[in-house]
Amino acid sequence: MLIRKTPDIRYSEVTPKGLYLRRREFIHAAAAGAIGAAATLSPVGTARAQAQGGRAKLPNVRKSAFSTTEKINPYEDVTGYNNFYEFGTDKDDPMRNGQKFISRPWTIRVEGLVKTPGSYDIDTFVKPHALEERIYRLRCVEAWSMVIPWVGIPLADVIKRLEPLPGAQFVEFTTLLDPKQMFGQRIPVLDWPYIEGLRMDEAMHPLAILAVGLYGEVLPNQNGAPIRLVVPWKYGFKGIKSIVRIRFTDKQPRNSWEVANPREYGFYANVNPTVDHPRWSQASERRLGEFLRRKTLMFNGYGDQVAGLYSAMDLRRAF
Amino acid sequence: MKVFTLLRRTIFAALLVPAAALVYWTLTGEAGPNPIDFITDTTGTTALSCLVLSLTVTPLRRLSGRNELIKLRRMLGLYAFFYACLHVLTWSVLDWFFDWESMAADIVKRPFITLGMTTFLLLLPLAITSTEGWIRRLGRRWTRLHRLVYVAAITATIHFWWVVKVDFRQPRLWALALSVLLGFRAWWTLQARVPRSSAGSA
Ligand code: HEM
């Protein structure tokens with residue numbers, strides 16, 4: 001059962017290019033025929049059935065001390081109220097238009113200033129890391145918020161494993177470009193594909209994760225299946241979804257929203273109640289499910305952990 | 001005549017549907033995880049729809065020669081005001097829960113709110129003076145006063161435009177519709193003037 005082996009290959013064994021190329025062909029072959037068999041192997045792999053519509057539990061998910069104890073928003077909020085313009089600009093578009101999205105097999109390309117460039121199958125990519133539940137607040141730039149029980153892996157661990165070169169100062173992420181499946185990409189509301197980025201020290205912060213699930217289950221399509229970024233102290237648009245490329249670079253990436261409107265959206269996108277969006281106040285937010293607005297907290301309440309990253313910066317200008 | 005009465009009643013009933021649906025959806029949870037935003041958007045777009053619909057009456061009447069259509073205009077205008085009231089109430093009660101300070105700050109600081117408020121204040125006197133009594137009392141001045149509706153339609157459209165983040169398809173459609181409707185009037189006004197001036201020069 002060669003197929004069964006694929007997702008079991010440890011990252012260290014994959015690095016030699018020849019092997020990895022053979023593996024790629026292999027994955028493609030597997031995709032053509034025996035997808036199901038490989039699916040049962042890695043934790044995220046169990047998801048294949050789920051990608052076709054069902055909901056699959058993720059096994060062996062650890063709790064984390066980084067989780068908040070606040071009341072979690074219902075599954076319907078988390079999966080029914082999404083900004084994922086690749087599937088349409090209304091909040092319920094992603095839920096409806098994302099149903100048939102094929103998020104497996106899935107390949108992530110690693111590029112740029114890194115020792116281990118190449119294409120990785122999603123399961124191989126995630127496999128070396130233990131899954132953790134991270135219950136985080138999510139604050140959207142549109143002044144609403146929710147509390148979401150993500151399941152993911154620490155981005156820092158992934159980056160360490162990929163071994164960036166000393167010159168790498170930023171990480172850039174790219175979403176899949178596939179207008180056939182992602183109907184929203186047929187309309188030029190943003191400059192597709194979606195791009196986001198982090199400064200290296202931000203990316204290495206223990207709060208930043210790559211999420212592959214929520215509510216203990218495989219990540220639904222509308223939330224960015226199969227893998228997405230979650231950076232809880234930043235506005236939601238930083239949380240790029242359905243990632244196909246991770247690039248290490250010495251230049252600050254041009255993220256999609258900044259490109260779309262540099263006056264309103266910046267690179268940093270830190271939640272900051274003292275810096276208003278030009279068109280609305282960021283001082284307060286509506287937590288979905290609550291009637292009265294609540295005050296927005298600096299760095300979305302994660303200031304104790306992350307403020308140090310920005311101590312030398314003028315956050316009014318670097319918004 | 002009978003057909004027209006039926007038409008009028010149908011439109012009257014149809015325009016109650018959005019309000020009824022909003023109440024129903026909110027109570028049944030179908031307004032989604034953020035009902036306040038949903039209600040704001042729905043009342044806003046319905047207000048704008050009614051406003052723009054009210055501007056189709058005169059062109060339709062001219063083109064069709066059916067004068068009784070004029071009776072629809074007041075109803076559509078008042079519906080626009082009705083939904084604008086619901087929209088503003090949603091904003092002040094549900095969204096801000098009488099947080100006057102924040103609301104005042106927004107009216108001053110946020111151009112899209114400023115324009116929303118401007119639109120509302122433009123519609124207010126039109127609604128008040130929509131009665132037979134006021135029409136009689138104001139005479140010619142009534143016609144002039146009610147030209148404010150053009151300004152209101154324009155400010156409402158810009159208000160919508162400024163709400164949007166990047167997907168301008170909807171406000172663009174409204175702007176287009178409005179341009180056509182105002183274009184008709186501009187053209188007719190010009191038509192009415194041209195013969196006079198050419199007569200003068202002849
Ligand atoms: C005091 C007056 C007003 C205020 C404070 C106000 C406020 C707002 C707010 C907060 C939004 C929602 C923005 C968002 O979704 O982020 C909105 C949307 C909108 N408003 Fe108003 N508004 C006012 C008057 C009006 C009037 C008089 C009209 C029309 C006649 C109107 C038409 C609209 C439309 C069409 C939208 C967009 C709905 C959508 O996004 O689908 N507004 N307004």
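What does the C-alpha gyration tensor say about the overall shape of the range B:1-113? Classify as rounded when a/c is under 1.5, otherwise prolate if a/b is larger than b/c, or oblate.
Oblate is the answer for the range B:1-113, as a/c is 1.5 or above yet b/c matches or exceeds a/b.
Counting every other Cβ atom within 10 Å of each residue's Cβ, B:Ser54, A:Ser242 order from fewest to most as B:Ser54, A:Ser242. What the Kirkwood sum gives for the range A:208-287 is a hydrodynamic radius of 14.3 Å, with every pair of different alpha carbons counted. Of the trypsin sites (Lys or Arg not before Pro) found in the range B:19-114, those that fall in a DSSP loop while having at most 12 other beta-carbon atoms within 10 Å are B:Arg66.
Database remark: amide H of A:Ser119 closer than 5 angstrom to the amide H of A:Val110 (H placed geometrically; neighbours at sequence offset of 5 or more, or on other chains; Pro and chain starts carry no H). Only one residue of A:Pro253, B:Phe12, A:Val61 has its Cα farthest out toward the positive end of the dipole of the protein assembly as shown, where Lys and Arg carry +1 and Asp and Glu -1 on Cβ, and that residue is B:Phe12. Shown is the FRET efficiency for A:Lys71 and B:Val166, computed with R0 = 22 Å from the Cβ-Cβ distance and rounded to the nearest 0.05: 0.10. In the range B:110-153 the Cα-Cα distances spread across 5 Å bins starting at 0 as 6, 22, 28, 19, 12, 7, 4, 1 percent of all pairs. Quick one: among B:Ala192, B:Ala47, B:Ala14, which has the greatest mean-square fluctuation in a GNM of chain B with alpha-carbon springs under 10 angstrom? Greatest mean-square fluctuation among the candidates belongs to B:Ala192.
For chain B, set up a GNM with springs between Cα atoms under 10 Å and report which of B:Thr129, B:Thr46, B:Thr58 has the largest fluctuation. Maximum among the listed residues: B:Thr129.
Distances between placed amide hydrogens fall under 5 Å for A:Ile240 paired with A:Leu229, all partners being 5 or more residues away or on another chain.
The label point for B:Ser179 and the one for B:Ala127, both projected 7 Å from the Cα toward the Cβ, are 3.1 nm apart.
Can you give the FRET efficiency for B:Leu148 and A:Arg96, using 1/(1 + (r/R0)^6), R0 = 56 Å, r = Cβ-Cβ distance, to the nearest 0.05? With R0 = 56 Å, the Cβ-Cβ based efficiency is 0.85.
Each residue in B:Leu72, A:Leu309, B:Leu89 was given a count of other beta-carbon atoms within 10 angstrom of its own, and listing them fewest first yields B:Leu89, A:Leu309, B:Leu72.
Take the Cα radius of gyration of the protein assembly as shown and divide it by 2.2 N^0.38 Å, N being the number of residues; the result is 1.18. Label sites at B:Thr10 and B:Thr28, each approximated as a point 7 angstrom past Cα along Cα to Cβ, lie 2.5 nm apart. Using the average count of surrounding beta-carbon atoms within 10 Å as a protection proxy, the listed peptides A:107-118, A:133-144 rank, highest first, as A:133-144, A:107-118. Shape class of the range B:35-77 from the Cα gyration tensor (axes a ≥ b ≥ c, square roots of the eigenvalues): prolate, since a/c reaches 1.5 or more and a/b is larger than b/c. Classified by the C-alpha gyration tensor, chain B has a prolate form. Its axis ratio a/c, with a ≥ b ≥ c, is 1.5 or above, and a/b is larger than b/c.
Per residue, chain B reaches -26000 deg cm²/dmol at 222 nm when only DSSP H runs of four or more residues are counted, each adding -39500 (n - 2.57). Between B:Phe82, B:Phe12, B:Phe120, the residue with the greatest mean-square fluctuation in the GNM of chain B (Cα pairs under 10 Å linked by springs) is B:Phe12.
DSSP beta bridges in the protein assembly as shown, what fraction antiparallel, as a percent rounded to 5?
The antiparallel proportion sits near 85 percent.
With no solvent and one equal point scatterer per Cα, compute the Debye intensity ratio I(q)/I(0) for the range A:11-310 at 0.09, 0.16 Å⁻¹ and report its log10, rounded to two decimals. Ignoring solvent entirely, the Cα scatterers give -0.41, -1.45.
Each reported figure results from applying straightforward, stated rules to the coordinates on display, with no laboratory input. Bear in mind that the values here come from a model prediction, so they are computed numbers and not experimental data. Glycine also receives a Cβ, built like all others from the backbone with ideal geometry; neighbour counts cover every protein chain displayed.
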